[in-house]
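Here is the structure we will look at.
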Amino acid sequence: VFTYALAIAIFSKKGKLDKAMELLAEMKTESLAPNNVIFNSLIDGLLKQQDFDKATALVNEMRLSGCTPDKYTYNIFLNGFVRADRLEDAIALFAHMLEEGGGYVNEVTCGMLIAGFAKADRIDEALTLFAKMEELGMAPNSICYATLITQLLKVSRVEQARDFLEAMTSKHGFGEVQTCNAVLQALINKGSLDPALSLLTKLKKNGVKSNTVIYNSLFSGLLRMGRSDEASQIVKEMIENGHALTSSAYNFIVIDLVRSNQFEKARSFFSMMKEGRAIPSSSVYNTLISGALKEERFDLASGFLKDMISDGYTPGCVTNNIFLHKFVKTGQFEWAYALFEQMEKRDKFTYSHMISCYLKQNKIESALLIFKELKEKALVPDQFIYSLLIRGLVRAGHLDQAIDFAEEMMKNLACSYDV
RNA sequence: CAUCACCCCUUGCUAA
C-alpha cells in the first residue's frame, strides 16, 4: 500500500492522472485497500486540473470504501476552489469546516483562504481573517505573512506591508526561501529595485541561501522592466556563485523578446536554445504561439503547437484561450464558437473572450448567457469582466441594465467605478 | 520527505 501511495502521489503531482487512476484500479484487483493518503493525492491531482466532477466522485468512492474525508481532503478542496476562482465556494466550505469542529481548520486552511482573498483583490477580508486566526488560537506562519505582504505591496499599501514584514521577521526570521522570494518578487514588480536588492543582501547576511529561484526572479523582473544591463549583471553574479544557468533563464529571455515585439529574435533565440539542451517550458510555447498569432503567422503558431505536444505538453486552457482571443479579435466568430464548444476547461479568460465575441456582434443576450454560465460555475466575475459587460451594455443603449451590473459589481468587489 | 497553502511564467476590453 505504501508503495502504491508513493507512486500515485508522484503521478498526481505530475498531472498524470490517468496513470494514477490505473494504479488505483490495479490495487483493487490485488484486493489492497486504498487509504486516505491515496485518495487525497488523487483528488488533489484532479482538482489541479479543475476536474471537480471526478474529484467529487472520488470522494464518494472514498466514503464507500470506508475512508472518511480528513482535514487534508477538506484543505485540498478549499484550495481547488481558490485556484479556480470560486471564492464563494471556498468561503462556504471554510465556514462548514469551522462548524464541524474537529480541528479541520488549521494554519494551512487559513493560509489558503487568505491567498484566495488576496487574489481576488479583497485584501481587507484577508486582513480580517488574519486577525481572526489569532483569536482562534492559531499562529500565522510565515506563508500567511508573505501572502499579505505581497498583496499589500501590489496595491501600494507600502507602510502596512513594511509593518507586516517586520512582524514576520521578528516572529519567524526570514522563513523559507520561497517566502523571501515572494516578497522580493513583489518589490521587483513594483519597480522598487533598490529595496529589493537591499533585502537580498540582508537575506544573505542572515544565511538564507540565495538560490537559483531567487536569481531567476530577479532576472525576469529586471528583464520585464527593460533593465537588461542589470539583468546581465545578475547572470554574471549567478555564474560566479556557481549557479548553473538553468533553462528557465532562457525561457525568460524568449518571453521577454516576444513581449517587446521582437518576435523574429525570439524565434531564432528559441531555435538556438533548443539546439542546446535547454528545456522550453509550456509557457514559452504559449508565448511563442501568441507572438506568432500577433504577426499573423498561423503557420508558425501551429508549428509551435506541434512542438509543444511532441515535447510532452498537453495544450490546455491557456493555449486555447490564445487562439480564441485571436479569433475574436479578427472577427472569425465561427471559429471562435467552434473552439469554445470544444473546450472542456474554461476559465475567466475564456469567458471574457466569449463575452467580447458576442458584444462585438451586438448579441447582448448571448453575452449575458455567457456571463450566466460563468456565474453558474461559481467563478468570480472580476472587475475586468464587469467593465467589459457594462461598457457593452452602455454602448447598446441598455443603460438600466448597465447600472444594475455596476451596482452588483460594487457590492461584490467592494470597489468603486468611474463613470 | 507517502497526500494540502505562499513564489515564478504564458492568455483578457479600449481605431490607442
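Every number here is computed from the coordinates shown, using simple stated rules; none is lab data. What you are looking at is a predicted structure, and each value in this text was computed from that prediction instead of being measured. Cβ coordinates were reconstructed from backbone atoms using ideal geometry, including for glycine residues, and neighbour counts include every protein chain displayed.
Annotations for the structure displayed:
- Farthest toward positive dipole pole in segment A:135-178 [+1 Lys/Arg, -1 Asp/Glu at C-beta], among A:Leu152, A:Met168, A:Ala139: A:Leu152
- Cα centroid separation - segment A:1-42 against segment A:305-355, whole Å: 32
- Restraint check, A:Lys205/A:Lys265; A:Lys119/A:Lys329; A:Lys48/A:Lys204; A:Lys16/A:Lys372, Cα-Cα greater than 29 Å: A:Lys205/A:Lys265; A:Lys48/A:Lys204; A:Lys16/A:Lys372
- When +1 charges are put on Lys and Arg Cβ atoms and -1 charges on Asp and Glu Cβ atoms, the dipole computed for segment A:261-342 relative to its Cα centre reaches about 240 debye.
- Simple label model, 7 Å out from Cα along Cβ direction - A:Thr201 to A:Gln342, nm: 5.5
- Cβ-to-Cβ counts within 10 Å put A:Met272, A:Met409, A:Met27 in ascending order as A:Met272, A:Met27, A:Met409, the fewest first.
- Applying the Karplus relation 6.51 cos²θ - 1.76 cosθ + 1.60 with θ = phi - 60° to segment A:128-144 yields 3J(HN,Hα) values of 4, 4, 4, 5, 5, 4, 5, 4, 7, x, 10, 9, x, 8, 5, 5, 4 Hz, where x marks Gly and Pro.
- Helix-only CD estimate at 222 nm, as mean residue ellipticity for chain A, using -39500 (n - 2.57) per DSSP H run (n ≥ 4): -23500 deg cm²/dmol
- Derived scalar couplings ³J(HN,Hα) [segment A:159-176; Karplus, 6.51 cos²θ - 1.76 cosθ + 1.60; whole Hz; x for Gly, Pro]: 4, 4, 4, 4, 4, 5, 4, 5, 4, 5, 5, 6, 8, 10, x, 9, x, 7
- Dipole in debye (nearest 20) - segment A:232-383, about Cα centre, beta carbon charges: Lys, Arg +1; Asp, Glu -1: 200
- A dipole drawn for chain A from +1 and -1 charges on Cβ atoms has a positive end, and of A:Ala182, A:Leu23, A:Phe130 the residue lying farthest that way is A:Ala182.
- The mean sequence separation of alpha-carbon pairs under 8 Å and at least six residues apart, normalised by the residue count of chain A, gives a relative contact order of 8 percent.
- In terms of other Cβ atoms within 10 Å, A:Arg122, A:Arg395, A:Arg277 run from fewest to most in the order A:Arg277, A:Arg395, A:Arg122.
- Loop-located GluC sites (Glu not before Pro) across segment A:20-58 with a Cβ neighbour count of 12 or fewer within 10 Å are A:Glu30, with loop assigned by DSSP.
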